[in-house]
Amino acid sequence: MIEKLLDPGFAGDGVLANDILCEFERGFPIENLRPLLVSSNENTLAAVAFLLTFMGFRANCFVVEITALLDAQDSRTRSDAIESLANCTTPADDAALGRVLLRLDDEHPGVRWKVIQFIRLAQPWQLKLGLENAAKLRPDSAFATLVKVHGQHFAATEKKLRWLLAHTDPIVRRFGAAIATKPRYVVDEGFVEMALQSDDAEVSGIATDCCQSHLTPIYAVWSSLLSHIRLQSTH
């Protein structure tokens, strides 16, 4: 099956990709993906990027190759690479994390949306290292500004969020939307409302997605619910 994906004429086959995924779940060695990652066939790269989203931290041995997929022509391949790197990176992969953050300025809205999810769900060290390295790669960009704002111990406040969401640079506004909707044990509806009111359609759309619940983790509760519970406890 791997040979079929390596065929120069491979034009994409979702059934084949799912069949290979089943083989990996049965113990097929992950190293068999390596030849696919250096293919010049965009359809092959799309297939391997899809497979890697299911590999979790096991894909760490391919961080360099996955990072290269962030420059793939196909937007879905870039999106899958972002998802994979979110799950397989360590602090030693700071350069890869920086490359992920740079895609916050990707030409395709679906790829930008995937970076938003990375920011929302990233571990603090992933976000810190990602911003620092994005700023090194583009020192005269909005990422340098975000490093200063985010700082060593970033804590979201109303003042910071209003500044981020109203910024003239869309990269900063998108980052603000991700922070406003970042899943916490308690979702701060005030933060979400600030993003919902943004004049930037992409920012308000991110907040709308969050309100529709599929972006909110199952452990989170909304602040209004806690207020309701506290009100009931006083009676």
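Values in this text are rule-based calculations from the coordinates and carry no lab data. Quantities reported herein were computed from a predicted structural model and do not represent experimental measurements. A quick note on method: Cβ atoms are made from the backbone with ideal geometry, for glycine too, and the neighbour counts reach across all protein chains shown.
Rounded to whole Å, give me the distance from the Cα center of the stretch 153-180 to that of the stretch 77-125. Centre-to-centre distance over Cα atoms comes out at 18 Å.
Shown in residue order for the stretch 163-176 are the 3J(HN,Hα) couplings computed by the Karplus curve 6.51 cos²θ - 1.76 cosθ + 1.60 at θ = phi - 60°: 5, 5, 5, 9, 5, 6, 8, x, 4, 5, 5, 5, 4, x Hz (x for Gly and Pro). Note on percent of Cα pairs over 34 Å apart: of the candidates [x] 12; [y] 42; [z] 23, the value calculated from this structure sits at [z].
Give the cross-link partners of Lys182 among the lysines, using a straight C-alpha distance below 17 Å as the criterion and excluding same-chain residues fewer than 8 apart. Correct list for Lys182: Lys114, Lys128, Lys159, Lys160. Applying the Karplus relation 6.51 cos²θ - 1.76 cosθ + 1.60 with θ = phi - 60° to the stretch 21-38 yields 3J(HN,Hα) values of 4, 4, 5, 5, 5, 8, x, 4, x, 5, 4, 5, 7, 4, x, 5, 6, 10 Hz, where x marks Gly and Pro. Charge tally around Phe143: other residues with Cβ under 11 Å, Lys/Arg +1 each, Asp/Glu -1 each, net -1. Taken along the Cα-to-beta-carbon direction at a fixed 7 Å, the label points for Asn43 and Asp13 span 1.0 nm.
Packing, taken as the mean count of other beta carbons within 10 Å per residue, orders the peptides 196-207, 90-101, 172-183 from highest to lowest as 172-183, 90-101, 196-207.
Within the set of other residues whose C-beta is less than 13 Å from the C-beta of Gly56, count the net charge using Lys and Arg as +1 and Asp and Glu as -1. Charge balance in the 13 Å sphere: -1. Peptides 72-79, 23-30, 45-52 ranked from most to least packed by the mean count of surrounding Cβ atoms within 10 Å: 45-52, 72-79, 23-30. Computed from the Cβ-Cβ distance with R0 of 41 Å, the FRET efficiency linking Val147 to Met1 stands at 0.40.
Each residue of the stretch 87-94 was assigned a 3J(HN,Hα) from its phi angle through the Karplus expression (A = 6.51, B = -1.76, C = 1.60, θ = phi - 60°), giving 9, 10, 8, 10, x, 6, 9, 4 Hz with x at Gly and Pro.
Count charges around Glu158 for me, please; just the other residues with Cβ under 11 Å from its Cβ, Lys/Arg as +1, Asp/Glu as -1.
+1
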